[in-house]
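Each remark here refers to the structure printed beneath this line.
The values are calculated or read from the model by the stated rules, or taken from the named source; none is laboratory data. All values derive from a computational prediction rather than experimental measurement. All Cβ positions, even for glycine, are placed from backbone atoms using ideal geometry, and neighbour counts span all protein chains on display.
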There are 2 protein chains.
Amino acid sequence: MSASPAPGVVEVCGALADDTRWQVLQLVGTEALSASELAERLPVSRQAIARHLGVLAAAGLVEPERAGKQLRYRAIGARLSLLAQQLDAIGRGWDARLERLKAIAEAEAGTAR
Amino acid sequence: MSASPAPGVVEVCGALADDTRWQVLQLVGTEALSASELAERLPVSRQAIARHLGVLAAAGLVEPERAGKQLRYRAIGARLSLLAQQLDAIGRGWDARLERLKAIAEAEAGTAR
DNA sequence: CCGATCTGCAACTGATATGTTGCATCAAGG
DNA sequence: CCTTGATGCAACATATCAGTTGCAGATCGG
C-alpha cells in the first residue's frame with residue numbers, strides 16, 4: 001500500500017554511516033574475526049568494536065559464528081546487495097517519473113499547437 | 001592501492017540514515033518542491049527541512065532549481081543508483097571471497113588425501 | 001581446582017545531529 | 001514606497017551516538 005522506502009533501509013543505511021564500522025566490515029569481509037581480534041587491528045577498544053558489531057548484526061550485515069571460546073563474525077554480502085537492489089529501484093523510480101513528466105510536457109506542447 | 005569502500009559512500013549513507021530525510025526524498029522524488037512547501041507537508045519546521053535539504057544536496061541526492069522567488073529541489077535518482085552499484089560490488093566481493101575460501105578448502109582436502 | 005583469556009553489562013564523558021525560535025535579507029506586487 | 005512571502009544565518013535546547021573505563025561472568029588449559 002504505502003510507497004514507503006521499504007522497512008529496514010533506514011536502519012541499514014545508518015549502520016553504513018560510520019567510518020569505523022566500514023573498517024570493521026572490510027576486515028570481516030576478508031576473514032571471520034572476533035571482537036578482540038578486531039580491536040587488535042583497529043585503534044578502538046574491544047567494547048566499542050562489540051557495540052559496532054551489534055549494530056551491524058542488527059542490520060544483518062554480519063553474522064556471528066562460534067569458534068570454541070571466542071565468537072567470530074563474518075560479513076554478509078547478500079544483505080548489502082539486497083540494499084543495493086532496493087536503492088537502485090527507488091532511484092530508477094525518481095528518474096522514470098522525471099522522464100514521464102518531460103514526455104507529457106512535450107506531448108502537451110504538440111497537441112496545443 | 002587501498003581497498004577502501006570508495007569516497008563518498010559513508011557520507012551518502014549518512015544522508016540516507018534519517019527518517020525525515022526519506023520523507024523529503026519521497027516528496028521531492030515525485031515533484032520539485034521548495035523548503036517552505038515541504039514544511040507544509042511534513043511535521044517539522046522550514047529551517048529543519050532546509051538543513052535536511054542541505055545534507056541531501058551535499059550528498060548529491062537532490063539538486064536545487066530556481067523558480068522565480070523560490071528555490072525548488074528535485075531528487076537525483078542517478079546518484080542513488082550509483083551508490084547501489086558501489087554497494088553491490090562490495091557485497092559481491094565479500095561473498096566471492098567466501099566462495100573462494102570454500103573452494104580452496106575442498107581442493108586442499110582433495111590433494112591432501 | 002585455578003589461572004588466564006575472552007565475552008558481556010553498566011556508568012560516564014564528549015561530540016555531533018536534530019529540531020526549535022528569532023531575526024535579518026531579498027525579491028515580487030500593489 | 002511599503003507590504004508580503006520566501007530564503008538565509010545564528011543561537012539554543014535536547015537527544016543520540018561513539019568511545020572510554022571498570023567490573024562481573026564464562027570457558028578453556030594445566
query: Does any residue of segment B:4-11 turn out to be buried (at least 20 other Cβ atoms within 10 Å of the Cβ), more than 9 Å from DNA strand C (Cβ to nearest atom) and in contact (Cβ under 8 Å) with a residue 60 or more places away in the chain?
result: yes
Counted residues, segment B:43-69 - those being at pLDDT 95 or above and either within 14 Å of chain A (Cβ to nearest Cβ) or more than 10 Å from DNA strand C (Cβ to nearest atom) (or both): 12
field: Hey, residue B:28 within 16 Å of DNA strand C (Cβ to nearest atom) and surrounded by fewer than 16 Cβ atoms within 10 Å (Cβ to Cβ) or not
entry: no
- prompt: Can you name every residue in segment B:31-71 that is in a loop (DSSP other than H, G, I, E, B) and either closer than 22 Å to residue A:100 by Cβ or more than 8 Å from DNA strand D (Cβ to nearest atom) (or both)?
  reply: B:31, B:32, B:42, B:43, B:44, B:45, B:59, B:60, B:61, B:68
- prompt: Which residue pairs have Cβ atoms closer than 7 Å, lie 6 or more positions apart in sequence or on different chains, and pair a first residue in segment A:19-34 that is over 14 Å from residue A:57 (Cα atoms) with a second residue that is in a helix (DSSP H, G or I)?
  reply: A:19/B:10; A:20/A:52; A:27/A:38; A:27/A:41; A:30/B:97
